[in-house]
1. Could you give the nm distance between label points at L89 and W270, where each point is 7 Å from its Cα heading toward the beta carbon?
2. Restricting to Cα pairs below 8 Å that are 6+ residues apart, what does the relative contact order work out to for the chain? Please round to a whole percent.
3. Within straight cross-link reach of K425, meaning Cα distance under 17 Å, which aspartates and glutamates are found once same-chain residues fewer than 8 apart are removed?
4. Which order results if T346, T357 are arranged by neighbouring Cβ count within 10 Å, fewest first?
5. Quick one: grab the alpha carbon gyration tensor of segment 85-191, order the square roots of its eigenvalues as a ≥ b ≥ c, and give me rounded if a/c is under 1.5, else prolate or oblate depending on whether a/b is larger than b/c.
6. Of (1) 183; (2) 203; (3) 124, which is the value of volume of the Cα convex hull per residue in Å³ derived from the coordinates here?
7. By how many degrees, between 0 and 90 and to the nearest 10, does the Cα long axis of helix 2-17 differ from the longest principal axis of the chain?
8. In straight Cα distance, which lysines are under 21 Å from K79, not counting same-chain residues fewer than 8 positions off?
Amino acid sequence: MKKLISLLTVFFCSLSVFAGMSNSIEYTQLYIVGTAVPGGWNIGATPMDRIDRGVFTWTGKLTAGEPFKFMNSNDGWHKHVVATSKDELIKEGEIHHLDFYANWQLPDMYDNKFKVEKTGEYVITVDLRSMSVCLSKPLPAQAYPDKYYITGSALDNQVIELTKIENFEFKQSLVCKPGNIILMDTPVRRDDTRYFIPVFEDVDLSFGKGFASKLGVTTDAGTRGWSVSAPGNYIVYISCSDHKYMGRKHTPRKYLYIVGGCCELAWNYWDKSNCVFSPNPENADELIWEGELKFGKDCDEPDRFKILTEKSWTEETYHPYIQDALAEGTGPIRTTDGGDTKWKITKEGNYRIIVDTRKETITAEYLSSAQFMPDKGSDTAGAGYEEADAVELSCGNNMVELIYSPVPVDVKIIDLEGKTITLRKDITSGIVAEKLSSGFYIVSVAGESVNKLYKVKI
């Protein structure tokens, strides 16, 4: 009883000393420590790789008979992930349970360590969500293919060759139904076909959700590969450098933000500027931005830009595969790390940029000044006059008017949230909308020989 009281006293005292610090499990980081690992007891010296929220892996040498455990922080000895018994022998292929203690002075009776029976190279996988750990031998070195093919019941067993983007990565957009996905190195199944499989058998295709994991290899033609539980659009990626896999389920984005030294307010996305992409009402996967890009003054990277997926400095950005890719034509977008590369402009002027978030492509079009002439007879700030395919459209004085069209057209006005404000059908002239609130709008003009989208400022 005295021992119990003493332990409780130590525990609560440690909590009071470090009051205000979080005592919960962190699903973003994990470290392996102990004399069994090369980093020893140096906290933070041996980080584990995160492959999903709360799931970590590490490959390296473990010394037989020496202890190791896990730390859930690198700023102090207060978040311990330990074995459930003293000197617990962890065996290959077995699932072992874990305990978690938030305590700066963890008593020895709770500070349980793992050991391995034989010295060697191992793969350790920790799942903090289920509080479990397993040990396996590293896969033998593989000669990875120059081409990957994907098939399975989720694709009605059709075979698709993954698109290779130079020497950066393989990437493919897929439309899947419930079933399974198999990745292989031949377009048809043969006796020598190799199948590339996930870390855990039959995991969901979107496993990882932004975190890459190493591909396993088997010659077993009966492998199920990945499972697809929910139908929809998916994107798979395989890096060319280390052949790690990542998959995600595609959901159309509502917002993107252009930032850069060549933008209206340079890198200040938080200011009120024309930086927001607008949804394409004709294609849910596309977002459109129109505006002026010019060489910045007194700012970093005056001729460059990239695209944010949130109105913040998030890790997930849209950027090119190589630095200074020209903002002209259509090219691939990289979303899987690759450094902080940016697109480059070579001339100032008005641009239309279309991003396809499912195909992950960008189309940049330079618009001549003739397409953005001042609105005659209007002194409204931001008013403009559009002319294309003999269609004349006036935007000013808080209204949009179709001046002339050679053929009947449907004119639709959409706000930046994708909501239709008004629609006029089969007209060749006339007022489309009046008393519009100040801001940006998308104007769609569609007819037999006309199909144009304009982003206008009222």
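1. 5.8 nm
2. Working: 1102 pairs, mean separation 34.2, N = 458.
Computed over the chain, the figure is 7 percent.
3. Within reach: E282, E392, E401, D410, E434, E448.
4. Working: T346 11, T357 23.
Sorted ascending by nearby Cβ count, the order is T346, T357.
5. Numbers: a/c = 2.95, a/b = 2.36, b/c = 1.25.
Cα axes put segment 85-191 in the prolate bin.
6. Comparing each candidate, only (2) matches the computed number.
7. 30 degrees
8. Straight-line reach from K79, under 21 Å: K69, K113, K115.
Any read-out appearing in this document is the output of simple, stated calculations on the displayed coordinates, not a laboratory observation. As the structure is a prediction and not an experimental result, all values here were calculated from the model. Please note: Cβ atoms are built from the backbone with ideal geometry, for glycine as well, and neighbour counts cover all protein chains shown.
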